[in-house]
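> I have a structure I would like to understand better, so I am pasting it below and will then ask my questions one at a time.
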Amino acid sequence: MNFIKPLDALWLQNALQNACPNTSFAIEVLATIDSTNRYLLEKETENFHVCLAEQQTTGRGRMGKAWVSPHGVNLYCSIAWLFDDPILKASGLSLLTGIITAKALEEYGVSCIELKWPNDLLYQHKKIGGILIEMIPYKKNIYKIVIGIGINVFLSRVLKQDDQRIKQPWTDVTSALYFEPDRNQIAYTLLKNLFETLPIFTEKGFAEFQPSWLAKDTLLNQTVTLETGKKTLKGISKGVDSRGYLLVDIEGKIESFSSAEVIQCRVD
Ligand code: BTN
């Protein structure tokens, strides 16, 4: 395997400080951790405390699934975000993080990323990244949201496509580019976009970003099957509303679903 440059906290801190001089943040890079999300949820942090790890031993995916996180080949990144408004909806934030991550990957050179509600990033119909948002009450009237982002960068160097640990087709950044990706540069582009865009979300909510989602929505006008826990529903996906809820035409009636209601959403 070719040498892959390690993540560099000092370089990232300096580069981001120059790019976002008015944002205060902290970056730490860990060699190994169970989960960067779990770590930040439990750690005393300021706003925009970022944790990147070279490896996660029990990386968390959505719906209790594991996120395969081998050493030194991908990006495992979590950002703590403190806020005092419980109205802020984590579902819209998950979608927004997808939009921001897609934009960052495209800026880096991976073209035509698509988004699959609520949190999958796809390249050529295969999963290249995922988002996991977790939230806890933190201090009096303050909530902590941890935004977790996993991006496959060099996963194909250490894992076979049919590895049983990943249950859906996947790809990685190196397979999408003609040059050798640099994980520090990808992390820089991602965090810069996050620091610039999250304050707009606080002010304007998801509605501001709804058109950006629709432009990348891979489910749009596709037949989808939703497992809601109570029943299985089938319909035609009609995009998302201004809260980030999935809109589905079920027998001529448009119904909306939050990610909390839907256990699984499959495209048929
Ligand atoms: C999914 O698609 O199921 C969501 C995957 C989220 C993975 C990231 S990697 C960094 C952060 N730490 C975790 O344990 N999970 C998220």
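> Could you check, for segment 133-144, whether at least one of its residues is near the ligand (Cβ under 10 Å from one of its atoms), of a type in the set (A, V, I, L, M) and out of contact with any Pro (no Cβ under 6 Å at 6 or more places or on another chain)?
yes
> Consider I149 against the criteria (1) farther than 24 Å from S256 by Cα; (2) within 14 Å of the ligand (Cβ to nearest atom); (3) open to solvent by less than 60 Å² (accessible area, probe 1.4 Å); (4) in a loop (DSSP other than H, G, I, E, B): it satisfies all of them except one. Which criterion is unmet?
Unmet condition: (4).
> From the list E28, E42, E54, which one is touching a Pro at 6+ places or on another chain (Cβ under 9 Å), farther than 19 Å from I131 by Cβ and within 14 Å of the ligand (Cβ to nearest atom)? Can you show your working first?
Working: E28 fails: touching a Pro at 6+ places or on another chain (Cβ under 9 Å); E42 fails: touching a Pro at 6+ places or on another chain (Cβ under 9 Å).
After applying the criteria, what remains is E54.
> With part of a loop (DSSP other than H, G, I, E, B), at pLDDT below 95 and surrounded by 13 or more Cβ atoms within 10 Å (Cβ to Cβ) as the only criterion, which of R243, R165 stands out?
The unique qualifying residue is R243.
> Criterion first (open to solvent by less than 10 Å² (accessible area, probe 1.4 Å) and in contact (Cβ under 8 Å) with a residue 24 or more places away in the chain) does G205 satisfy it?
Answer is no for this residue.
> Could you check segment 171-207 and list, in sequence order, the residues that are in contact with a strand residue (DSSP E or B) (Cβ under 9 Å, 6 or more places away or on another chain) and part of a loop (DSSP other than H, G, I, E, B)?
Of everything in segment 171-207, those that are in contact with a strand residue (DSSP E or B) (Cβ under 9 Å, 6 or more places away or on another chain) and part of a loop (DSSP other than H, G, I, E, B) turn out to be T171, D172.
> Given (1) closer than 26 Å to L7 by Cα; (2) surrounded by fewer than 19 Cβ atoms within 10 Å (Cβ to Cβ); (3) touching a helix residue (DSSP H, G or I) at 6+ places or on another chain (Cβ under 9 Å), identify the lone condition not met by Q124.
(1)
> Identify all residues within segment 247-259 that are more than 19 Å from Q210 (Cβ to Cβ) and open to solvent by 90 Å² or more (accessible area, probe 1.4 Å); write none if there are none.
Selection gives E251, K253.
> Would you check if there is a residue in segment 102-112 being β-branched (V, I, T), touching a helix residue (DSSP H, G or I) at 6+ places or on another chain (Cβ under 8 Å) and within 15 Å of the ligand (Cβ to nearest atom)?
no
> Let me spell it out: the conditions are (1) in contact with a Leu (Cβ under 9 Å, 6 or more places away or on another chain); (2) more than 10 Å from the ligand (Cβ to nearest atom); (3) open to solvent by 20 Å² or more (accessible area, probe 1.4 Å), and L93 meets all of them except one. Which number is the exception?
(3)
The values are calculated or read from the model by the stated rules, or taken from the named source; none is laboratory data. This is a predicted model, so every value here is computed, not measured. Reconstructed Cβ throughout: ideal geometry from the backbone, glycine too, with neighbour counts over all protein chains shown. The accessibility values were calculated without ligands, DNA or RNA, using every heavy atom of the protein model including side chains. Shrake-Rupley method; radii C 1.70, N 1.55, O 1.52, S 1.80 Å.
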